[in-house]
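This report concerns only the one structure given below.
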Amino acid sequence: MKRTWKSISVLLVVMLVTALMAACSDSSGGSSKVSVGIVLPTKDEPRWVQDEQRFKDALSDSKYTTEILFSQGSSAKEKENVETLLNKGIEVLIITPHDGAAAASAVEAAKKEGVTVISYDRLITNTDAVDYYVTFDSVAVGAAQGQYLIDNSEGKDVPLYLYAGASSDNNAFLFFEGAWSVLQPKISDGTFKIANSSEAEKLKDKAELTRDEMGKILGQVTTNWDPNEAKNKAQTHLTAAGADLKGDVAVLAPNDGTARSIADVFGTDGDISSFLVTGQDAEKASIQYVIDGKQSMTVFKDVRTLVKDAMGIAVEILDGKTPETTGAYDNGNKEVKAKQTDVIVVDQENVKKELIDSEYYEASEFTGL
C-alpha cells in the first residue's frame, strides 16, 4: 500500500510540474506573440523616436500587436533585431534599413519564414525579399530643395555648396537625383558655380547622372547623416574656399540635422554675406532655426501620414487583403510596389500654417512665431 501511494505521489508531482511548464510556455508564447515587427535605424535622431510613438498609437485600438526595436546604426544589430522578432512569430515586418544593401540578408531570413516585408522610408536594395515600400517621394524632396535655392538666389555665379546623405542609404541618391535635376541647368548656364566638389564640376553639363557618377559626387560631399561630419566638412570647404566662393552663397544640405550644423559654420564665417540652406524632416530644432532665419527651409514630410500608410498596408495584409499602391521603385533586383506620400516645403512664410495650424507641433514649443 505504501509503495502504491508513493507511486501515485510521484506521478502527481510529475503531472503538476508538466502542467506548470506547459502553462509557463503558453503564457510566454502567448504574451510574446507579435503581429507586426518594426525595426527603426537609430534612437539618436528625433525623427525615429517620434515614429516609434506614432507606430504604437497606430495600433492602439487594433486587435493586432507590435514590437519596435532600434538598430543604433548597426547592420549586425538590425539583423539580430529581425531574428528576435521572427522568434516572436511576426507576420509582417516593417523595417527602415541602416544600410539598404546590407539589410537584404535580414529581410531574406524573414521572407523564408513567410513574413511580408515592408521597407519603410528607405528602400532595401538588391533583393527580391521586399514586398512593399512606403515612402515620401524622395526625388521630389531633392527637387524641392534645389528649386528653393533657385527661386531665392539672385544674380550669376552664385557659389553652390553641395552636401548629401550617406552613400549606404538609397534615399541619399534619390534626394541628390532630384536636386541635381533642377539645379544642373542653372549650374550649366552660370547661375550657380559649384564650390566644393570637383566631381560635380566635371559633370556640370550632364543633365542625368548614372548611379556611379552620383556615387563619385556623394563620395566627396557625404555627411553620412552625421551633424558633426557635416560641420567638419563645411569648415574644411570654407577654409579652402577663395573670396570668389564666398559672399552670397547657396547650400544644398540633405536634412535638418546636417543643415543646422552647416548653418552654424556658414553663419560664423565673416566672408559669407548671406546663405541659403535647405533641410528636410521639420525637426523641432530646425523649425526654430527657420523662425530665427538661420535655416532657410525644410521639407515637411508628415510622418503621421507615412506611419498611417505603413500600418494600413500591414493591417490589410493581416486581414488577408491586397494593399493598394501608387507606384514602384527599382531596388536593383525587382520593381517594388510603393505607397507614396506627398511632401511640403516650409519656410518662414508658411511655418505656422503647415506645422502649428495642422497640429503637428504646438506654438508653445517655439519662440518668435
Probe 1.4 Å, accessible area per residue of the range 73-201, Å²: 32
Unit charges at the beta carbon, dipole of the range 215-366: most positive-side option, Ile272, Ala240, Tyr361: Ala240
GNM flexibility winner over the chain from Arg211, Arg54, Arg122 (Cα, springs under 10 Å): Arg211
Full-stretch length increase - Thr305, Ser358 - with 0.36 nm per residue and alpha-carbon distance subtracted: 17.8 nm
Helix 46-58 axis, angle to the chain major axis (alpha carbon atoms, nearest 10°): 40
Residue among Ala200, Ala285, Ala104 with the largest mean-square fluctuation in a Gaussian network model of the chain, springs linking Cα atoms under 10 Å: Ala285
Over the chain: helical MRE at 222 nm, DSSP H runs n ≥ 4 each giving -39500 (n - 2.57), nearest 500: -14500 deg cm²/dmol
Estimated Rh, the range 237-283: Kirkwood, alpha-carbon pairs, angstrom: 11.0
Candidates Gln145, Gln235, Gln280: whichever shows maximal mean-square fluctuation once the chain is modelled as a Gaussian network with Cα springs under 10 Å: Gln235
Between 0 and 90°, nearest 10: helix 227-240 axis offset from the chain longest Cα axis: 20
Whether the range 146-301 is rounded, prolate or oblate, judged on the alpha carbon gyration tensor where a/c under 1.5 counts as rounded: rounded
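Suppose R0 equals 22 Å. What FRET efficiency, 1/(1 + (r/R0)^6) with r the Cβ-Cβ distance, do Thr268 and Asp157 give to the nearest 0.05?
The formula returns an efficiency of 0.40 here.
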Given Lys111/Lys321; Lys301/Lys321; Lys233/Lys294, the pairs whose alpha carbons are separated by over 25 Å: Lys301/Lys321
Rounded if a/c under 1.5, otherwise prolate or oblate - the range 232-369, Cα gyration tensor axes: oblate
Compactness relative to 2.2 N^0.38 Å, alpha carbon Rg of the chain: 1.21
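For the range 225-320, with all protein chains present and a 1.4 Å probe, just round the carbon and sulfur fraction of the accessible area to a whole percent.
For the range 225-320, the apolar C and S fraction of the accessible surface comes to 46 percent.
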Between 0 and 90°, nearest 10: helix 303-318 axis offset from the chain longest Cα axis: 30
Of Leu306, Ala285, Asn333, farthest towards positive along the dipole that unit charges on Lys, Arg, Asp, Glu beta carbons give the range 249-369: Asn333
Average accessible area per residue (Å²) across the range 243-331 - probe 1.4 Å, nucleic acids and ligands excluded: 36
Whether the range 47-89 is rounded, prolate or oblate, judged on the alpha carbon gyration tensor where a/c under 1.5 counts as rounded: oblate
Sulfur and carbon atoms: percent of accessible area, the range 107-216 [1.4 Å]: 43
FRET efficiency, Lys43 to Ala140 (Cβ-Cβ, R0 30 Å, nearest 0.05): 0.60
Residues in the range 264-307 that a label on Asp347 would reach, taking backbone N under 13 Å of a point 7 Å out along Cα→Cβ: 275-279, 290-291, 293-299
Solvent-accessible area of Lys294 with every protein chain in place, 1.4 Å probe, in Å² to the nearest 10: 100
Equivalent-ellipsoid semi-axes of the range 316-369, from the Cα gyration tensor, Å, largest first: 36, 16, 9
Calculated FRET value between Asp205 and Lys33, using beta carbons and R₀ = 51 Å, to 0.05: 0.30
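The values are calculated or read from the model by the stated rules, or taken from the named source; none is laboratory data. Remember, predicted model here, so these are calculated numbers, not experimental data. Note that we place each Cβ from the backbone using ideal geometry, even for glycine, and neighbour counts take in every protein chain shown. Only protein heavy atoms, including side chains, enter the accessible area calculation; ligands, DNA and RNA are left aside. Shrake-Rupley method; radii C 1.70, N 1.55, O 1.52, S 1.80 Å.
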